[in-house]
Amino acid sequence: LMISISAIDKVIENMRSLHINCALAAISGGVDSTTAAILTRRIIGDRLRAVFIDTGFMRLNEPEHIKEILRAVLPLEIINASDRFYREMLGLSDAEEKRTRFREVFYTVLSEIAKEYDCDWLVQGTIAPDWIETRGGIKTQHNVLEQVGIDTASKYGFKLIEPLKDLYKDQVRELAKSLGVPSEIVNRQPFPGPGLSIRAVGELTLEKLDVARRATDIVERRLGNMGLSQWFAATWEYDTVPSSELSRVVNGLGDLHVELFSIRATGVKGDARSYGHVALVRGYPVNWDVIYELHKYLATTSDVTHVIYELMGRGVGKYFVSIRAIVTDDFMTADVPRLSREILMDVAEEILSNDNRISSVGFDVTPKPPATIEYE
Ligand code: XMP
């Protein structure tokens, strides 16, 4: 897969014709935003100002780590806006409400910085799947504005430069390599802009964010060398009701019972968004392979978007943690790899023994579709 040189040449030529005095780049440390900024920097040099907005929803030590990796190629200024995000977002529960509020706060903060630096352009790493899915109404990605009719010049005081907007992830990685982007960034797994705010599923609280942050750290470390495309933890209250109807559906596959969580999670059915139930399957399957088939029984027969198999529980603690691991080329669809039971049990045990607020740990067995990769 080769991106055509002429497509990138055209982007560069376009940028040259814009007469940019100052462009602000919001860097997340992911390959998209970093590559967009480094490409722009090649053209406008120090007239590019790169900032990292610490939203308070980042992973453990993330801002400092990114600044350090990029030190030689892209000087970064870290701007701590976490109080602002917490003030605006704690207490929200609905997935799309979180996402649209995040977008609003994020760009308001950026518009203030742009004003201070007298920048009237914003460089961002929006890629094709971001706007395709946002426009398709599946999820509001934080970095899609023009494509959903938001006029950034009048609303925020800057125009957008999106040099990667027609590329897919693997093409961006190829371009990144050719631009000398550090390999840790080129190969970094995607992390959504709203970060842990959408992995602390349901009502957003500081405690839930902390549980998600610590569990994510364990999952990222433990599953880091398995060739996965994305792997993380998400958390929500362990609050379920049994579903005798769904338990009947899995009857015969082992001694299995199905419960439904009180939170909702996003899925895709056909081309449309669904915001359905999350099923928790407990008990002993006739064999481990059955686990990976459970979604075929449950997610197609009801409004269940995600199916999770409980790995290990201890009955005390407020939170449930779900381990998510997927493989994909384009992030528009994704499969769940068949990880061994031993590895998953090991990770579950480490998560439980590190945080006594967690009652139970499960493994999400749902591909996309019918699930999406994130829960919200
Ligand atoms: P979903 O959950 O839609 O995720 O299947 C597809 C890919 O996109 C990432 N993602 C985001 N990235 N801003 C981003 O920059 C967002 O708002 C956002 N939401 C999801 C997700 O992590 C996955 O890689």
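The values are calculated or read from the model by the stated rules, or taken from the named source; none is laboratory data. Note that the structure is a prediction, hence the values are computed from the model and not measured. All Cβ positions, glycine included, derive from the backbone under ideal geometry; neighbour counts span all protein chains shown.
Flag set for Ile53, criterion: within 16 Å of the ligand (Cβ to nearest atom) and in contact (Cβ under 8 Å) with a residue 12 or more places away in the chain.
Please count how many residues of region 184-227 are part of a helix (DSSP H, G or I) and either touching a residue at least 40 places away in the same chain (Cβ under 8 Å) or within 15 Å of the ligand (Cβ to nearest atom) (or both). Don't jump to the end; show me each part of the working.
Quick first cut of region 184-227, residues part of a helix (DSSP H, G or I) only: 184-186, 195-198, 206-222.
Remaining after also requiring either touching a residue at least 40 places away in the same chain (Cβ under 8 Å) or within 15 Å of the ligand (Cβ to nearest atom) (or both): 184-186, 195-198, 206-209, 211-220, 222.
Of the residues in region 184-227, 22 are part of a helix (DSSP H, G or I) and either touching a residue at least 40 places away in the same chain (Cβ under 8 Å) or within 15 Å of the ligand (Cβ to nearest atom) (or both).
Looking across region 264-279, the residues that are over 23 Å from Glu237 (Cα atoms) and basic (Lys, Arg) come down to Lys269, Arg273. Looking across region 117-132 at every residue that is within 15 Å of the ligand (Cβ to nearest atom) and not in a loop (DSSP other than H, G, I, E, B), the one that is farthest from the chain's Cα centre (by Cα) is identified as Leu122.
Here is a yes/no grid of residues against (1) touching a residue at least 60 places away in the same chain (Cβ under 8 Å); (2) in contact with a helix residue (DSSP H, G or I) (Cβ under 7 Å, 6 or more places away or on another chain); (3) surrounded by 14 or more Cβ atoms within 10 Å (Cβ to Cβ):
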site: Gly254; (1), (2), (3): no, yes, yes
site: Val258; (1), (2), (3): no, yes, yes
site: Tyr275; (1), (2), (3): yes, yes, yes
site: Thr300; (1), (2), (3): yes, no, no
site: Val316; (1), (2), (3): no, no, no
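Each residue in region 279-331 was checked for being over 16 Å from Asn251 (Cα atoms), part of a strand (DSSP E or B), among the hydrophobic types (A, V, I, L, M, F, W, C) and away from the ligand (no atom under 16 Å from the Cβ), and 5 of them qualify. So which residues in region 123-134 are of a type in the set (D, E, K, R) and at pLDDT 90 or above? Scanning region 123-134 gives a single hit, Asp130. Of the residues making up region 133-158, those that are in contact (Cβ under 8 Å) with a residue 24 or more places away in the chain and within 14 Å of the ligand (Cβ to nearest atom) are Glu133, Gly136, Gly137, Ile138, Lys139, Thr140, Gln141, His142, Asn143, Leu145. Just the residues that are of a type in the set (Asp, Glu), farther than 18 Å from Leu280 by Cβ and not in a loop (DSSP other than H, G, I, E, B), please, taken from region 337-376. Residues satisfying the conditions are Glu342, Asp346, Glu349, Glu350. Screening Gly29 with (1) in contact with an Asp or Glu (Cβ under 8 Å, 6 or more places away or on another chain); (2) over 16 Å from Leu175 (Cβ atoms); (3) away from the ligand (no atom under 16 Å from the Cβ); (4) not basic (Lys, Arg) gives one miss only, at (3).
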